[in-house]
Amino acid sequence: MGVDFPTPKSLATYIQEEELPRRLALESALPVSDILRYGGMVGSEIHAYTSLPRCMDQARELIKQHSKQQQSLPSGTMLFAESLSGSKGRFQRVWHAPDGGLWCVLTVFNQWSKRVASLLPLVTGVAVCETVLANGVAARIKWVNDIHCAGLKLAGLLAETHVCRLSGEEYVLLGIGLNVNNRHFPSELQKTATSMTRQTDSGFDLATLALDLLAKLTWNIGLLTWLDEQDKPLAIFMDRYRSHCDSVGRRVRFGFDVQEAPQYEALVTGILDDGGLVLHHLQDDVEIVEHGGEMEYLPV
C-alpha cells in the first residue's frame, strides 16, 4: 500500500501529544481528559486496504465474520481504503473515490439514548469539518453533514444502521469520503466538487490527515457520549455544530431526495438542539421543522 495509515498505538500517541493539548486550550470549561476517554473506542481496530468496492460493505462483512465466530466486531473499528471502485452516497448516487482521498468508515455499537443517537451524522460532520479547517481549508457544513468549500462539495458523509442477523447486535456505520489530493473529477462533477488540493494548490499527507480525523472523531464522539452519560444539555454540542454550519439564513430547495423529487422552497431560520432544521415555507408562509432529507442552496 502507498499510504501508511494509522495504528491504534500511533493514534493514542497523537491524541496524547497533539489533540489533548489542543482541546485543553480550546475547551477549558469541559472535562477534556474525561471526554477523550469516552471517545476512546474510536480506532480500537484499524483496517487498511489498497482498494475496496465500498468500505460500508466491508464493514458489514467484518461484522458477519466476527459473529460467525461468536464474537463482536470491536466498537470503534475504522476501515480505510486507498481507493473505492463502487462507492455510493445517498440514494445509491455514485461517489468518485480514486487514489488521493480519504475513504473510510467508522463502525460503532449503537450504545446511545435515542435523543443522542440521532446526532451521530452531525457529530461526523463536525469532526470532518474541524479536520479540514485545521489543515488550512475554509470548510463549512451544509445541513445535515455535507462539507463544502466555496460552494463546492468537499466531503460526503453517510450514516447507516446495521443489525447483524446472526447476533442481533446493532451497529452504526459512519462513512466518510473526503476529497484530499485528488484533483480530477468526472465531467458531471466538475462544477460541483472540489478537493483540499484544488482549494490550496498544495498536497497533503494522507497518513497525518487520517490521524487528525481519528482524533477529531474521538473528541466529538466522546463529547456526545459524555453528554449522554451525564444527561447534559445537547446545546453543548449543537452550539459547536451551529458555529461550523452556514445553512441558517439561506434560501433553499428542500426534499427527501432533492435531486429527483424537490418538495418546496424555504428560508432556513434555525437549527434545533435535536438537530432539526427550522424552515419558513416561502409559498405557504408557515414554519416547518425537518429531521431528515436534504437541500440545495439557491442563489441569493
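The values are calculated or read from the model by the stated rules, or taken from the named source; none is laboratory data. Keep in mind that this is a model prediction, so the values were computed, not measured. Cβ sites come from the backbone with ideal geometry, for glycine too, and all protein chains shown count toward neighbours.
The table that follows gives values for the structure above.
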read-out	value
Test: residue in segment 180-201 that is of a type outside the set (D, E, K, R), within 16 Å of the chain's Cα centre (by Cα), surrounded by 14 or more Cβ atoms within 10 Å (Cβ to Cβ) and under 30 Å from Lys68 (Cβ atoms)	no
Qualifying residue in segment 166-181 (condition: out of contact with any helix residue (DSSP H, G or I) (no Cβ under 8 Å at 6 or more places or on another chain), more than 19 Å from Leu73 (Cα to Cα) and at pLDDT 95 or above)	yes
Cβ pairs under 6 Å, 6+ apart, first in segment 281-293 and farther than 15 Å from Val252 by Cβ, second not in a strand (DSSP E or B)	His291/Gly276
Output for segment 19-59, where each listed residue is closer than 30 Å to Leu84 by Cα and either of a type in the set (Ser, Thr, Tyr) or in a helix (DSSP H, G or I) (or both)	Glu19, Ser44, Tyr49, Thr50, Ser51, Cys55, Met56, Asp57, Gln58, Ala59
Number of the condition not met by Lys64 [criteria: (1) touching a Gly at 6+ places or on another chain (Cβ under 9 Å); (2) surrounded by fewer than 17 Cβ atoms within 10 Å (Cβ to Cβ); (3) not small (Gly, Ala, Ser)]	(1)
Residue that is surrounded by the fewest Cβ atoms within 10 Å (Cβ to Cβ), among those in segment 1-49 that are over 23 Å from Lys232 (Cα atoms) and among the aromatic types (Phe, Trp, Tyr)	Tyr49
Tally of residues being β-branched (Val, Ile, Thr) and in contact with a Ser or Thr (Cβ under 9 Å, 6 or more places away or on another chain) across segment 236-292	4
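Yes/no per residue for (1) of a type in the set (Val, Ile, Thr); (2) in contact (Cβ under 8 Å) with a residue 24 or more places away in the chain; (3) not assigned by TED's automatic domain parsing to the domain that holds Ser85:
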residue: Leu24; (1), (2), (3): no, no, no
residue: Leu30; (1), (2), (3): no, yes, no
residue: Ile35; (1), (2), (3): yes, yes, no
residue: Tyr38; (1), (2), (3): no, yes, no
residue: Val42; (1), (2), (3): yes, yes, no
residue: His47; (1), (2), (3): no, yes, no
residue: Ala59; (1), (2), (3): no, yes, no
residue: Ile63; (1), (2), (3): yes, yes, no
residue: Ser67; (1), (2), (3): no, yes, no
